[in-house]
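The next block holds one structure in the form of structure tokens; read it before the comments.
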Amino acid sequence: MTKTPFFIFIRVHQQQKDRLILKRETILQKLSQFKHRQSYIYAMEFVLLCTAKTDSKEIKALCDVYEKRLKHYCRFRIEEISTPKIQDAKKLSQKEGELILERIQTADTCILLDELGKEMNSEGFSVFVQKQLNTGAKRCFFVIGGPFGFSEAVRARADGKISLSQMTFTHQMIRLFFTEQLYRAFTILKNEPYHHNG
């Protein structure tokens, strides 16, 4: 019987050990990637597109609170478009419209936050959000218009319109109200104890 030299045995054993370590690291890396992909409950990305920047630190801080909470459910972000320095109302609306449409792709869903849109309560809005999720679109834009409303081109592109209230609010307040309502909608869909009906 031929004996295997001891140094060869050690060498083979070390190679097997190295392969096991490499295999373990590969598995852990894949698990980490899978965990990252599963960090959102819903695949759709929601974007709140604003035609002006907020200069209120308090409102921004409150929006940040709900943005962080929304990360448990979906990808969400607020995009801002700098307001063009144009005095004429019609030309300003048209320019804002061009800037809005540059951000929105053909496959995206576009919903206008408009005073002429459909009003609904929080439960109704959660149903509306679920319908958007069911479309299979990758991104859903909710758009806040400028001081003179939306251009005809933007209205023609829109897939729907909703109204948060018959009252008039600043664009800064609207972004806060909407962000909170979107978070509330997801808690309703998941039957979580944030929203209390009646």
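The values are calculated or read from the model by the stated rules, or taken from the named source; none is laboratory data. Just so it is clear, the model here is predicted, and its values are computed rather than measured. Neighbour counts run over all protein chains shown; Cβ positions are idealised from the backbone, glycine included.
Evaluate the following for Ala185: is it of a type in the set (Gly, Ala, Ser) and without any contact (Cβ under 8 Å) to a residue 24 or more places away in the chain? No; evaluated as a whole, the condition is false for this residue. Yes or no: region 162-182 includes at least one residue that is at pLDDT 95 or above, over 21 Å from Ile59 (Cα atoms) and under 20 Å from the mean Cα position of the chain (by Cα). Yes; the residues of region 162-182 include at least one that is at pLDDT 95 or above, over 21 Å from Ile59 (Cα atoms) and under 20 Å from the mean Cα position of the chain (by Cα). Restrict the check to region 120-127 and report whether at least one residue is more than 18 Å from Tyr66 (Cβ to Cβ), touching a residue at least 12 places away in the same chain (Cβ under 8 Å), in contact with a strand residue (DSSP E or B) (Cβ under 9 Å, 6 or more places away or on another chain) and assigned by TED's automatic domain parsing to the domain that holds Lys53. Checking region 120-127: at least one residue is more than 18 Å from Tyr66 (Cβ to Cβ), touching a residue at least 12 places away in the same chain (Cβ under 8 Å), in contact with a strand residue (DSSP E or B) (Cβ under 9 Å, 6 or more places away or on another chain) and assigned by TED's automatic domain parsing to the domain that holds Lys53.
The residue list Ser151, Ser163 contains one member that is in contact with a strand residue (DSSP E or B) (Cβ under 6 Å, 6 or more places away or on another chain), within 29 Å of Gln87 (Cα to Cα) and of a type in the set (S, T, N, Q), which is Ser163. Within region 27-62, the set of residues being closer than 27 Å to Pro84 by Cα and either assigned to a helix (DSSP H, G or I) or at pLDDT below 85 (or both) comprises Ala52, Lys53, Thr54, Asp55, Lys57, Glu58, Ile59, Lys60, Ala61, Leu62. Every condition in (1) outside the structural domain of Leu176 (by TED's automatic domain parsing); (2) within 25 Å of Leu133 (Cα to Cα); (3) modelled with pLDDT of 65 or more holds for Lys23 except the one numbered (2).
Taken as a whole, the condition of being of a type outside the set (Val, Ile, Thr), farther than 19 Å from Asp64 by Cα and either touching a helix residue (DSSP H, G or I) at 6+ places or on another chain (Cβ under 6 Å) or surrounded by 14 or more Cβ atoms within 10 Å (Cβ to Cβ) (or both) applies to Leu133.
Looking at the structure I just gave you, is Thr106 within 18 Å of the chain's Cα centre (by Cα), closer than 21 Å to Cys63 by Cβ and hydroxyl-bearing (Ser, Thr, Tyr)? No. Residues in region 160-182 that are in a helix (DSSP H, G or I) and touching a residue at least 40 places away in the same chain (Cβ under 8 Å): His171, Gln172, Met173, Ile174, Arg175, Leu176, Phe178, Thr179, Glu180, Gln181, Leu182.
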